[in-house]
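Comments concern the structure below.
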Amino acid sequence: MTDKPSVIRETDEDARNQARNLMHTAAHAALAVIDPETGFPSVSRVLTAMDTDGAPVILVSGLSSHTKALVKDPRASALFGEPGKGDPLAHPRLTVRCSAERVDRQGDAHARTRELFLERHPKSKLYIDFPDFCFFRLVPLDASLNGGFGRAYILSAEDLVIL
(Lines give C-alpha, C1' and ligand atoms only; values in the text may rest on other atoms or scores of the structure.)
Protein backbone atom coordinates (compact mmCIF):
# COMPACT_ATOMS: atom_id res chain seq x y z
CA MET A 1 0.00 0.00 0.00
CA THR A 2 1.43 3.36 -1.00
CA ASP A 3 0.67 6.68 0.57
CA LYS A 4 -0.38 9.08 -2.15
CA PRO A 5 -0.12 12.79 -1.53
CA SER A 6 -3.45 14.56 -1.20
CA VAL A 7 -4.52 16.66 -4.15
CA ILE A 8 -6.52 18.84 -1.74
CA ARG A 9 -4.64 21.93 -0.61
CA GLU A 10 -4.94 23.49 2.82
CA THR A 11 -7.67 26.13 2.71
CA ASP A 12 -6.22 29.63 2.95
CA GLU A 13 -7.59 33.16 2.70
CA ASP A 14 -7.04 33.28 -1.08
CA ALA A 15 -9.20 30.15 -1.50
CA ARG A 16 -11.90 31.61 0.76
CA ASN A 17 -11.92 34.86 -1.21
CA GLN A 18 -12.03 33.05 -4.55
CA ALA A 19 -14.95 30.91 -3.37
CA ARG A 20 -16.90 33.90 -2.09
CA ASN A 21 -16.16 35.80 -5.30
CA LEU A 22 -17.43 32.93 -7.47
CA MET A 23 -20.72 32.93 -5.55
CA HIS A 24 -21.14 36.69 -5.35
CA THR A 25 -20.42 37.47 -8.98
CA ALA A 26 -22.64 34.70 -10.33
CA ALA A 27 -25.97 35.67 -11.82
CA HIS A 28 -27.03 32.03 -11.93
CA ALA A 29 -26.03 28.57 -10.78
CA ALA A 30 -26.74 24.95 -11.57
CA LEU A 31 -28.92 23.62 -8.77
CA ALA A 32 -28.92 19.89 -8.03
CA VAL A 33 -31.79 18.37 -6.06
CA ILE A 34 -33.15 14.89 -5.37
CA ASP A 35 -36.26 14.16 -7.43
CA PRO A 36 -38.88 12.97 -4.90
CA GLU A 37 -40.62 10.76 -7.46
CA THR A 38 -37.58 8.84 -8.72
CA GLY A 39 -34.86 9.42 -6.11
CA PHE A 40 -32.49 10.43 -8.89
CA PRO A 41 -30.50 13.66 -8.93
CA SER A 42 -31.95 16.41 -11.06
CA VAL A 43 -30.20 19.61 -12.15
CA SER A 44 -31.68 22.95 -13.17
CA ARG A 45 -30.39 26.45 -13.78
CA VAL A 46 -31.55 29.08 -11.28
CA LEU A 47 -31.00 32.80 -10.85
CA THR A 48 -29.03 33.67 -7.73
CA ALA A 49 -28.49 36.63 -5.46
CA MET A 50 -26.66 36.83 -2.14
CA ASP A 51 -28.21 37.44 1.25
CA THR A 52 -26.48 39.80 3.66
CA ASP A 53 -24.57 36.94 5.31
CA GLY A 54 -23.34 35.59 1.97
CA ALA A 55 -25.84 32.73 1.63
CA PRO A 56 -27.09 32.29 -1.93
CA VAL A 57 -30.76 33.02 -2.51
CA ILE A 58 -32.90 31.68 -5.35
CA LEU A 59 -36.34 32.65 -6.63
CA VAL A 60 -38.33 29.69 -7.93
CA SER A 61 -41.81 28.84 -9.11
CA GLY A 62 -43.87 26.40 -7.09
CA LEU A 63 -44.75 24.77 -10.41
CA SER A 64 -41.14 23.73 -11.09
CA SER A 65 -39.84 20.26 -10.32
CA HIS A 66 -36.83 21.63 -8.41
CA THR A 67 -39.10 23.59 -6.05
CA LYS A 68 -41.20 20.51 -5.39
CA ALA A 69 -38.00 18.58 -4.71
CA LEU A 70 -36.71 21.21 -2.23
CA VAL A 71 -40.00 21.17 -0.35
CA LYS A 72 -39.73 17.37 0.09
CA ASP A 73 -35.97 17.26 0.76
CA PRO A 74 -33.98 20.44 1.46
CA ARG A 75 -30.63 18.89 0.54
CA ALA A 76 -29.16 20.51 -2.55
CA SER A 77 -25.92 21.46 -4.26
CA ALA A 78 -25.23 24.57 -6.31
CA LEU A 79 -22.44 24.88 -8.87
CA PHE A 80 -21.04 28.38 -9.43
CA GLY A 81 -18.52 29.45 -12.05
CA GLU A 82 -18.47 30.20 -15.74
CA PRO A 83 -16.33 28.35 -18.25
CA GLY A 84 -14.33 30.75 -20.37
CA LYS A 85 -12.42 30.21 -23.57
CA GLY A 86 -10.66 26.95 -24.09
CA ASP A 87 -10.87 24.02 -21.74
CA PRO A 88 -13.94 24.50 -19.48
CA LEU A 89 -12.26 22.43 -16.76
CA ALA A 90 -9.38 24.92 -16.54
CA HIS A 91 -11.67 27.62 -15.10
CA PRO A 92 -12.53 28.02 -11.40
CA ARG A 93 -15.74 26.54 -10.08
CA LEU A 94 -17.34 26.06 -6.69
CA THR A 95 -19.78 23.36 -5.60
CA VAL A 96 -21.70 24.29 -2.46
CA ARG A 97 -23.57 21.58 -0.54
CA CYS A 98 -26.43 23.30 1.18
CA SER A 99 -29.72 23.04 2.97
CA ALA A 100 -32.55 24.99 1.33
CA GLU A 101 -34.67 27.11 3.66
CA ARG A 102 -37.87 28.60 2.30
CA VAL A 103 -38.22 32.31 3.07
CA ASP A 104 -41.59 33.07 4.67
CA ARG A 105 -43.45 35.57 2.48
CA GLN A 106 -44.92 37.21 5.59
CA GLY A 107 -41.61 37.66 7.43
CA ASP A 108 -39.09 40.51 7.52
CA ALA A 109 -36.56 38.39 5.65
CA HIS A 110 -38.82 38.30 2.58
CA ALA A 111 -38.74 42.07 2.05
CA ARG A 112 -34.94 42.13 2.42
CA THR A 113 -34.52 39.15 0.11
CA ARG A 114 -36.88 40.62 -2.48
CA GLU A 115 -34.93 43.89 -2.52
CA LEU A 116 -31.55 42.13 -2.85
CA PHE A 117 -32.88 39.91 -5.62
CA LEU A 118 -34.31 42.83 -7.58
CA GLU A 119 -30.98 44.67 -7.32
CA ARG A 120 -29.26 41.68 -8.92
CA HIS A 121 -32.05 40.79 -11.37
CA PRO A 122 -34.18 43.85 -12.20
CA LYS A 123 -36.12 41.99 -14.91
CA SER A 124 -37.45 39.59 -12.27
CA LYS A 125 -39.84 42.40 -11.32
CA LEU A 126 -42.10 40.93 -14.02
CA TYR A 127 -42.77 37.77 -11.97
CA ILE A 128 -41.23 38.15 -8.50
CA ASP A 129 -44.62 38.75 -6.86
CA PHE A 130 -46.52 35.97 -8.62
CA PRO A 131 -48.24 33.90 -5.91
CA ASP A 132 -46.54 30.64 -6.90
CA PHE A 133 -43.03 32.14 -6.67
CA CYS A 134 -40.96 31.92 -3.51
CA PHE A 135 -37.43 32.42 -2.24
CA PHE A 136 -35.12 29.81 -0.78
CA ARG A 137 -31.90 30.54 1.07
CA LEU A 138 -29.26 27.97 0.20
CA VAL A 139 -27.53 27.70 3.57
CA PRO A 140 -24.01 26.38 2.95
CA LEU A 141 -22.93 23.20 4.75
CA ASP A 142 -19.56 22.91 3.04
CA ALA A 143 -18.02 23.44 -0.37
CA SER A 144 -15.51 22.14 -2.86
CA LEU A 145 -13.46 24.70 -4.78
CA ASN A 146 -11.55 23.88 -7.91
CA GLY A 147 -9.59 27.09 -8.36
CA GLY A 148 -7.89 25.93 -11.55
CA PHE A 149 -5.47 23.15 -12.37
CA GLY A 150 -3.89 21.76 -9.19
CA ARG A 151 -5.81 24.10 -6.90
CA ALA A 152 -8.48 22.06 -5.09
CA TYR A 153 -9.83 22.98 -1.66
CA ILE A 154 -12.49 21.84 0.79
CA LEU A 155 -14.20 24.73 2.54
CA SER A 156 -16.41 24.80 5.60
CA ALA A 157 -19.65 26.75 5.89
CA GLU A 158 -17.76 29.29 7.99
CA ASP A 159 -15.27 29.82 5.15
CA LEU A 160 -18.11 31.13 2.99
CA VAL A 161 -19.75 33.47 5.52
CA ILE A 162 -19.35 37.21 5.17
CA LEU A 163 -18.48 38.79 8.51
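The values are calculated or read from the model by the stated rules, or taken from the named source; none is laboratory data. This is a predicted model, so every value here is computed, not measured. A quick note on method: Cβ atoms are made from the backbone with ideal geometry, for glycine too, and the neighbour counts reach across all protein chains shown. When the accessible area is computed, the model is the full protein with side chains, heavy atoms only, and any ligands, DNA or RNA have been set aside. Shrake-Rupley method; radii C 1.70, N 1.55, O 1.52, S 1.80 Å.
For volume of the Cα convex hull per residue in Å³, the choices are [x] 154; [y] 144; [z] 134; which was calculated from the structure?
[y]
Which residue, Arg75, Arg45, Arg114, has the most motion in a Gaussian network model of the chain that connects Cα atoms within less than 10 Å?
Result for the chain, Cα springs under 10 Å: Arg45 fluctuates most.
Ignoring ligands, DNA and RNA, please state the percent of accessible area on segment 6-158 from carbon and sulfur, probe 1.4 Å.
The computed percentage sits at 56.
Cut-off under 17 Å on the C-alpha distance; same-chain residues fewer than 8 positions from Lys72 excluded. Which aspartates and glutamates are left, in chain and number order?
The qualifying aspartates and glutamates are Asp35, Glu37, Glu101, Asp104, Asp132.
Solvent-accessible area of His91, probe 1.4 Å, all protein chains present, reported in Å² to the nearest ten, please.
Surface accessible to solvent at His91 totals approximately 50 Å².
If you take every DSSP beta bridge fully contained in the chain, what fraction is antiparallel? Give it as a percent rounded to 5.
Rounded to the nearest five, the antiparallel share is 95 percent.
Could you work out the relative contact order of the chain? I mean the mean sequence separation of Cα pairs under 8 Å and 6+ apart, divided by the number of residues, in percent.
Relative contact order, the chain: 28 percent.
Dipole size in debye (nearest 20) for the chain around its Cα centre, Lys and Arg Cβ +1, Asp and Glu Cβ -1?
Its charge dipole is roughly 440 debye.
Helix 108-120 versus the longest principal axis of the chain: what angle, 0 to 90°, nearest 10, using Cα atoms?
70
With every protein chain left in place and a probe of 1.4 Å, what is the accessible surface of Ile162, to the nearest 10 Å²?
Roll a 1.4 Å probe over it and Ile162 shows about 70 Å².
Taking all protein chains together and a probe of 1.4 Å, list Asp104, Asp142 from the most accessible to the least accessible.
The residues order as Asp104, Asp142, largest area first.
Taking segment 54-163, which chymotrypsin sites (Phe, Trp or Tyr not before Pro) meet the DSSP loop condition and have no more than 13 other C-beta atoms within 10 Å?
The qualifying sites are Tyr127, Phe149.
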